[in-house]
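These notes concern the structure reproduced below.
The values are calculated or read from the model by the stated rules, or taken from the named source; none is laboratory data. This one's a predicted model, so the numbers in the text were calculated from it and none came from an experiment. So basically every Cβ, Gly included, is an ideal-geometry build from the backbone, and we count neighbours across all protein chains shown. Ligands, DNA and RNA are excluded from the accessible area calculation, which covers all protein heavy atoms including side chains. Shrake-Rupley method; radii C 1.70, N 1.55, O 1.52, S 1.80 Å.
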Amino acid sequence: MFEIDRIPIAVKEHLNQKGVAYEKVVLAAYADRNREHTPCETYLFATDKELYILSGVCVSAARPAKKYGNMPKLESGFFEHTFDSFPLTELSGFRVEELLSSGRLIAKRGEDNESVLLAVFTNFCKASMMLFSKYAGKLAAGDPIEIDPKDDPASKCCPKCGMRYPDANRRVCPRCMEKGKLFVRFSSFFMKYKGYLVAMLASLVLLTVMSIIAPYLSSGFFYDEVIYGTGEFAGQILLVLGLIISTRLLKVIATMINNRVTSTIAAKMVFDLKKTIFGSIERLSLSFFTGRQTGGLMAQVNEDANTIYAFFCDGVPYLIVSIVQVAVLVVLLFFIQPLLALLALITVPLFFIMLRWLFRNERKLHARRYSNSRQMSGFLGDVLSGFRVVKAFSREQAEIQRFEGKNRNLAESQKKLSLFTNYAWPLAGLLLHLGNIIAWGVGGWMVIKGYGNMTYGMLLTFIAYMNMVFDPLVFFTDFIDWAADCSNALQRLFEIMDAEPDVSERENPERPETLGGRVEFDHVSFSYQKGKKIIDDVSFDVPDGNVLGIVGHTGAGKSTLANLLMRMYDAEEGEIRIGGYPVKDLALSTLYQNIAIVSQETYLFMGSILDNIRYARPNASFEEVVEAAKCAGAHEFIMKMPDAYDTRIGFGYKDLSGGERQRVSIARAILKDPKILILDEATAAMDTGTERKIQEALSQLIQGKTTIMIAHRLSTLRDADELVVIERGKVAERGTHEALLQKEDGVYKKLFTLQDEALKSAGIRE
C-alpha cells in the first residue's frame, strides 16, 4: 500500500460503503480540484484491477463544515459529489500535463488511445500527481510496485498533521512547531550585545523604581504624612517637593541613558540581522532563486530584520521590566489593602485568557498580511525591471489591473488586521478598566466607612499603583502583536538558515594545485522537476585544449549541460569529471577558479564598466582590463563613453545596448583567463560583422583552453574539434562539421540546411 497523501478516516469509510475495501487499495493520492476544475477534495485510488476517483467534501472537527460555503450544518463524514471508476487494464500512458499554476492527470484508454482526464489540481498537489502517474503506469502495465525511498512521502510530511514540510531537507512543520523555541533559539544571537543589553535593562530598572516611588511621594505620603500628618515630615512641603523633583530627575536621566543605549545598539543589530539573513540566502543553490521573486526576497531581508530587532530590543527588555513591575506592585497593593486588591485584580486572569486567544488569531492575520505584502513587492520588482517590455507590448492597463488585484489583497489583509486590533484590544483594555472602577467604588466606600483604616491618601496611592499595574498589562497587548509578527519573521528566517543547498561540498573536497581541462560527461541525467528529464543519459568527452560545439533546437537542454558542468545544479544520475576529478568531489572555489562562462543572459552590476570587467579578477591591473576589453571588441565603444572605463552604468546612469553588454560580459570572462571557457550564445546579441571580429579574437583566446561553445548560428562552430547534437535531452549525433553534413537525414544536416537557406533568403553571406 502506497499512500502518497494522508487519506482521512471518513473517506476510507465512505469508500468501503461504496463496495470498495480500502485494504485492497494499492495506490492512493489527493487532488484539490474535480474534473470540472471546481475546488473540492478529490481522492484517487488504484487497486490491482480498478482506478477509482472520488470527489466531495470531508467534514470533521479539524475541518469544520462552515468552510465549505452552503453546507453549514453538515455532520462529520464525507459528502460525495461524484464517483467514477475505470478498469486499470484499459488505461496506459499516464502523464501529468503541466499548466501555468495548475495541471491535469491524463491517461490513454482502449485500443484507440483515447485521452481520458482523470484529475485536475493546483501546483500544491503536483508532486503527488507526479508520483501517482509514475506508479499507476507501472500498476496498469502489470509491473510490481517497488517504492523508491526518495518517493516515500513519510519523509516529506509531518507525522502529526500530515502537512508537507516546506523544505523536505528540514523536517519542521510550521503548523505543529513550538513557537516558543523560535525565540529561545534566536536569543543566542544577542549574546555579543550583552553589555548593551545589561545597560539597557539597568536603566529600565532604575526607571521602574523611580516610577514606583514617585506616586507614593506625591499622593499617599504627601497627604497622610505631610499635609494631615503629625510625624517627622508634617509640614515639610519643600523637602517632600525636593524628593519628588529628585525622583523625576532620576527618571529623566534613566530615560536618557536608555535612549542612548537603544540608539547605539539599533544600527549594529539591524546591520547584523540583515547580514545574517542575506548570508543565509547567498549560500543556497541556484534552484532556490529560480523559484522566488526578487522583490519578495528584498522584503524578507529588510522587513524581517526590522521586525526581529523591534521585538527583541524594544519589546523584550520592557517585558522583563513590566513583569517585575507588576509583581512588585501587586505585592504593594495587597500590603495596602488585601481585600481591595483581590477584588480589583479579579479581571487580570480573564485578561490573560483573552490574550492567548488574541495572539493565536493575530498571528494568522500577520502571516496573511506579510504574504500579500511580499507578493506585492515581488510584483513591483518584476514589472519595474521589465517595464520596457510592458511599454513595448502596450500592457500598461493590464499591469495596472494586476497591480490593483495585488494592492487590493494587501489592503484587505491590512484592513482585517487593523479592524481586529482596533476592536479586540480596546475590549481587552476595557476588561482591565473594570478593575479600576471596582477599586474606586469599593475603595471609596472603605474610606467613607473607615473600613480597614483606609484613608484618602492610601486610596490615591492604591489607585496610582493600580494604574501602574494596568499600564504594563496594556503593554502586553502590544507585545503580543509584536510577538505574533516576530514569530512569523523568525520562522521565515530559520526556514532559510536551515535549508540545505542542493549543491554543497563534501566534507574534505579535493583542492588540486593544477586542474586539467579534460571534461567528461558519463551517462548524465537531470530534471528540474521530478519525472520530466531535461538531460537523459548524455555521454561525451572533451580532451584538454579542444573545442566542443553543442547544437540543438531551443529547449533541447544545451544550456543545462553548461549549468551542470559549473555545478549550478547536480546531476541526478551519472558523473561529470574535470581533469579526472568528479565535480562533486572538487571544492567549489577550485571549480569556479578554473571555469568561466559567458551566458546568453548577460548581467552587469550597477557601477563602472571597469568594476564590471574586473569583477572576474578584482586584483587585475588596468592594463589587463583594457587588453581583455580589446579582445572582446569592447574597447572602442568604451573609449567613446563620457568617462571611458570609469563610466557608471545601471540604474540612473548610462545604459548599454544588448551587444555592448554582451561584449563587456565577454571581456569579464577573458580577464579571468580560465582553463575551461563556456560560451553560451555569447555572440547572440551582435551583428554578423561584430560577431566575426569577436570570433577572430576568441580564436586566439581559446588556444590551449578547453572550450564549450553553444550556438544557434551553426556557421560559428565550423572550426570546432567536435560537435554534439542534443535532441530532447539526448545525444543524437556526434562528429566534426564535415562528418555530420555527410549523414543523410541527420539532425545536424537538417538544422544547417534550414539555417543556410534562411540566411541566403535574407541576403546574408557568411
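Which order, highest average first, do 612-623, 116-127 follow once you tally other Cβ atoms within 10 Å for each residue and take the mean per peptide?
Numbers: 612-623: 15.2, 116-127: 19.2.
Taking the mean over residues of other Cβ atoms within 10 Å, the ranking is 116-127, 612-623.
Over 29 Å apart at the Cα level, from the set Lys558/Lys584; Lys12/Lys406; Lys138/Lys533; Lys126/Lys558; Lys126/Lys730; Lys12/Lys134, are Lys12/Lys406.
State the Kirkwood hydrodynamic radius of the range 8-58 in Å, one decimal place, computed from all pairs of distinct Cα atoms. Its Kirkwood hydrodynamic radius stands at 11.2 Å. Principal semi-axes of the equivalent ellipsoid, √(5λ) from the alpha carbon gyration tensor of the range 344-463, are 56, 12, 10 Å from largest down. Sorting the segments 367-378, 504-515 by their residues' average number of neighbouring beta-carbon atoms within 10 angstrom, most packed first, yields 367-378, 504-515. Contact order, relative form, for the range 406-561: 11 percent (alpha carbon pairs under 8 Å, 6 or more residues apart, mean separation divided by residue count). Per-residue accessible area (protein heavy atoms, 1.4 Å probe) orders Glu362, Glu520 as Glu520, Glu362, starting from the largest. Packing around the peptides 321-333, 7-19, taken as the average count of other Cβ atoms within 10 Å per residue, puts them in this order, highest first: 321-333, 7-19. With the convex hull constructed from alpha-carbon coordinates only, the range 408-481 shows a mean projected area of 5.4 nm² over all directions.
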